[in-house]
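Reviewing the structure listed below.
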Amino acid sequence: MTFYQELQLNQAGSKALIRNIKDPKEKWKHICIYLFKILLTVAFCVVFVTIYTKIFGEENSIVGVVVLLAVMVFRNADLGIKNSHGVLLLAIIYGILAFGPRISNMVGPFPAFLINVVCIGALMSLGCHNVIMSNHSTFVLGYLLLQGYDTTGNSYLLRLAGLSVGALATCFILWRNHRKVHYKRTIRHIFQEFDIHSMRTRWQIRLTLGVSTAMLFASLIHLPRVMWVGIATMSVLLPFKKDLIERVKYRAPGNILGGLCFLCLYYLLPESCYGYIGMIGGIGVGLSATYGWQAVFNSFGALSIAMSSFGVAGAIILRVLTNAFGSVYGLLFHNIFESGYNWISEKVFAKKIVSEN
């Protein structure tokens, strides 16, 4: 394996490679490559978001994060359809990201719920046709982040400009990196393959309604940072229940541990270093191959932003509560949705038998 190929491995792949090497000298060599890859990734992310912030303003730094996620994903992933059609879908998806979050923040909880259902449902249907690629983690997360860090006026116009640049960059990367991959499936097939009886379609509907209802309930009880509830629910609502339960098990405990670690850093570091806590979290995520530890370090960046509004203790408590609520709700919603679907299916099947006889 070349140096470049090793840099392309994910956390689990790098750790598996290091674990299987017996020679201590060789093992240290690959550990150094792994650490270099993490530092290189974090440095690129920081520079990318910083440039976006400088160009489009402080309130649109989140746009840099959303575009960065898409750019990094589509270096290696595609949409599972013809490349030219994939480029068109990406343009539509960026259009939803540009206008959906803003409109949902202009209305009350129930109209916002309907807008979320339409927008998240469209993102899931158009962008998550290939379940293995986990593109929902990019698109729905981007939607929720933009909704949570909303802006208006001139800043919103700059946000549209930033998303437009991001759309062009992501479309170019998708076209360039995957132009030699040939699919027969087109946009038309995505709509034709929509089937309530398929596992994929049921998962797309389940996640759309699960995230939207979770955010509706959080809004109705006036819970701050509704976005955190939506992200937690989205994170656990995976296609398969075994994976879902595994994530629910680690989501809240991971955020509790993350809050305690954040608190330690807050009191140990001088105030001038607080801005680097999010970066430390990014490095931690890069070193984490398991979901539990990723949940721990993912909380650093969110808490760094939230503590200015809620204080350190308030931000940590709110983070734990919203993530516990979102993850447990995701599990309950999965069970209710599947029970309802099975009950309806049985009734329809019974009626069909009766009518045939």
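The values are calculated or read from the model by the stated rules, or taken from the named source; none is laboratory data. If you're wondering where the values come from, they're calculated on a predicted model, not measured in any experiment. When we count neighbours, we look across all protein chains shown, and the Cβ atoms used for this are built from the backbone with ideal geometry, even at glycine. Quick note on the areas: whole protein, heavy atoms, side chains included, nothing else; ligands and nucleic acids left out. Shrake-Rupley method; radii C 1.70, N 1.55, O 1.52, S 1.80 Å.
Points to keep in mind about this one:
- For the stretch 222-275, the normalised intensity computed at q = 0.17, 0.19, 0.20, 0.29 Å⁻¹ comes to -0.71, -0.80, -0.83, -1.05 (log10 of I(q)/I(0), Debye sum over alpha carbons, equal scatterers, no solvent).
- Per residue accessible area in Å² of the chain, where ligands, DNA and RNA are left out and the probe is 1.4 Å: 51
- Using a cutoff of 8 angstrom between alpha carbon atoms and counting only pairs six or more residues apart, the relative contact order for the chain works out to 18 percent.
- Extension gain, PHE310 back to ALA91 (0.36 nm per residue minus Cα-Cα distance, nm): 75.2 nm
- Given their separation in residues at 0.36 nm each and the Cα-Cα distance between them, VAL181 and MET106 gain 22.9 nm when the chain is fully extended.
- Using a simple spin-label model with pseudo-atoms 7 Å out from Cα toward Cβ, ILE344 and GLU58 lie 4.8 nm apart.
- Folded to 0 to 90 degrees: helix 136-148 orientation relative to the chain principal axis, Cα: 80
- With the convex hull of the Cα atoms taken as the outline of the chain, the averaged projected area works out to 21.5 nm².
- Treating r as the C-beta distance of GLU246 and PHE172 and R0 as 30 Å, the FRET efficiency rounds to 0.25.
- PHE99/ALA289 FRET efficiency (R0 56 Å; Cβ-Cβ; nearest 0.05): 0.90
- Selection from ILE51, ALA16, VAL107 lying farthest towards where the dipole of the stretch 1-123 points positive, charges on Cβ: ALA16
- Length added when fully stretched, LYS27-HIS189, from 0.36 nm per residue minus Cα-Cα: 53.6 nm
- Taking the helices alone, the chain has a mean residue ellipticity at 222 nm of -27500 deg cm²/dmol, built from -39,500 (n - 2.57) per DSSP H run of at least 4 residues and averaged over all its residues.
- Test item: Cα-centred dipole of the stretch 16-123, Lys/Arg +1 and Asp/Glu -1 on Cβ, debye: 520
- Computed from label points 7 Å out along Cα-Cβ, the spacing between LEU269 and ILE51 is 2.5 nm.
- Accessible area of the chain belonging to carbon and sulfur atoms, whole % at 1.4 Å probe: 69
- With the charge dipole of the chain set up from +1 on Lys and Arg Cβ and -1 on Asp and Glu Cβ about the Cα centre, the Cα lying farthest toward the positive end among the listed residues SER84, ALA232, GLY281 is that of SER84.
- Grouping the Cα pair distances of the stretch 133-252 into 10 Å bins from zero gives a pair-distance distribution of 11, 30, 34, 22, 3, 0 percent in increasing distance order.
- Distance between the C-alpha centres of the stretch 193-227 and the stretch 301-317: 26 Å, rounded to the whole angstrom.
- Prolate/oblate/rounded label for the stretch 12-129 (Cα gyration tensor, a/c 1.5): prolate
- Basic side chains Lys and Arg get +1 at the Cβ, acidic Asp and Glu get -1 at the Cβ, and with that the dipole of the chain about its Cα centre reaches some 900 debye.
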